[in-house]
Structure formats: C-alpha cells, structure tokens
Amino acid sequence: MTARLVVCTTCRFSSEEQMNADGLSGGQGLMQAVSAVVESEGGGLEIEAQACLWACSSHCTVYLAAPGKPAYLAGRFSPTPEAAQAVVAFARLYAASPNGVVAYREWPEAIKGHFIARLPADGAQEPSSERLS
Ligand code: FES
C-alpha cells in the first residue's frame, strides 16, 4: 500500500526569512529534497504539493495519510536532505504498516520531536477511541 505525502510549499525558509538566497521558500526546498529522495529510491510514494497546511509557525510542514489509517501532521523541519530522508523513511514505514502505526523504535532519529498532530482515520473508528453519541 502506498501513502500520500503532502508537502507545504509555502512554508518559510527560516523564522527570519521567507526565501533562501536562490528565491526558494523553505517548503519549496523541502519539496525538492523529498522528491529527490523518493526519486533516488525508485518512487513508491505519492508526493503532493499544497500551499499552507495551517501550521505555519511550525515550518516546514508535511502531512501523511493513507486510506483507513490515522494521518500525521509534522513540522519544524529545515529544508535539508537529512530532513527529507527522515520524512520519506517514516512515510515508507507508515505505508508498509497495516494500521498506520510505526513503532517508536523504528522512527528515523531526525523525525523525533517533529510531530504536531495525529488525526483519526477518515471514516474509521480506532480501537482506542470511544463513540460518545
Ligand atoms: S505556510 Fe506552510 S503551513 Fe502555512
């Protein structure tokens, strides 16, 4: 199974600068880095660009989702190859998992501390959730 990896392309380069010296936003830079990693590994992930994921203060941000699995919003990345490798590695583990849960011991080191939200799967109730009405 694959997963959607959505990269915000309008995120700032840094808290001081919207763009880098080449005129790229941080999000554009992260998108290029993520695309390069996925391409070098032979594809297998759906990568999408989107303007603003509404987590601007946590730039650079990414969103990861797959049918029937909880989605994740992560941020506070720099647009670097190292960050891109961590995001892609986690996305591959997530895509390969049956339920969207990746054991913490498998997390790439560079993704730790970057998650902002874990969002319930669309239309599916998780075993740990409780319907109140
Ligand atoms: S500009 Fe990237 S989350 Fe808003």
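Read the figures in this text as sums done on the coordinates, not as results from a lab. Quick caveat, the model's predicted, so the values are computed rather than measured. Don't worry about glycine lacking a Cβ; one is built from the backbone with ideal geometry, like all the others, and counts go over all protein chains shown.
Condition check ((1) among the β-branched types (Val, Ile, Thr); (2) crowded, with 20+ Cβ neighbours inside 10 Å; (3) more than 20 Å from Ala65 (Cα to Cα)) across all residues:
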{"residue": "Thr10", "(1), (2), (3)": "yes, no, no"}
{"residue": "Gln18", "(1), (2), (3)": "no, no, yes"}
{"residue": "Asp22", "(1), (2), (3)": "no, no, yes"}
{"residue": "Met31", "(1), (2), (3)": "no, yes, no"}
{"residue": "Ser35", "(1), (2), (3)": "no, no, no"}
{"residue": "Ser40", "(1), (2), (3)": "no, no, yes"}
{"residue": "Gly44", "(1), (2), (3)": "no, no, no"}
{"residue": "Glu48", "(1), (2), (3)": "no, no, no"}
Fill in: Candidate set from the stretch 26-56 (those that are among the small types (Gly, Ala, Ser), touching a residue at least 24 places away in the same chain (Cβ under 8 Å) and part of a loop (DSSP other than H, G, I, E, B)); member that is farthest from the ligand (Cβ to nearest atom)
Gly44
Worksheet, complete the sentence: Given the conditions (1) assigned to a loop (DSSP other than H, G, I, E, B); (2) touching a residue at least 24 places away in the same chain (Cβ under 8 Å); (3) near the ligand (Cβ under 10 Å from one of its atoms), every one holds for Tyr63 apart from (1)
Discussion item. Looking only at the stretch 3-20, filter to residues that are charged (D, E, K, R) and out of contact with any strand residue (DSSP E or B) (no Cβ under 6 Å at 6 or more places or on another chain); which one of those is nearest to the ligand (Cβ to nearest atom)?
Written reply: Arg12
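Here's the yes/no breakdown for (1) over 16 Å from His114 (Cα atoms); (2) aliphatic (A, V, I, L, M):
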{"residue": "Ala3", "(1), (2)": "yes, yes"}
{"residue": "Ala21", "(1), (2)": "yes, yes"}
{"residue": "Leu24", "(1), (2)": "yes, yes"}
{"residue": "Gly29", "(1), (2)": "yes, no"}
{"residue": "Val38", "(1), (2)": "yes, yes"}
{"residue": "Val62", "(1), (2)": "no, yes"}
{"residue": "Pro67", "(1), (2)": "yes, no"}
{"residue": "Tyr72", "(1), (2)": "no, no"}
Worksheet, complete the sentence: Here the residues within the stretch 85-116 that are hydrophobic (A, V, I, L, M, F, W, C) and either under 12 Å from Pro67 (Cα atoms) or without any contact (Cβ under 8 Å) to a residue 60 or more places away in the chain (or both) are Ala86, Ala89, Phe90, Leu93, Ala95, Val101, Val102, Ala103, Trp107, Ala110, Ile111, Phe115
Worksheet item: Which condition number in (1) surrounded by 13 or more Cβ atoms within 10 Å (Cβ to Cβ); (2) of a type outside the set (D, E, K, R); (3) within 12 Å of Val7 (Cβ to Cβ); (4) out of contact with any helix residue (DSSP H, G or I) (no Cβ under 7 Å at 6 or more places or on another chain) is the one that Val88 fails?
Response: (4)
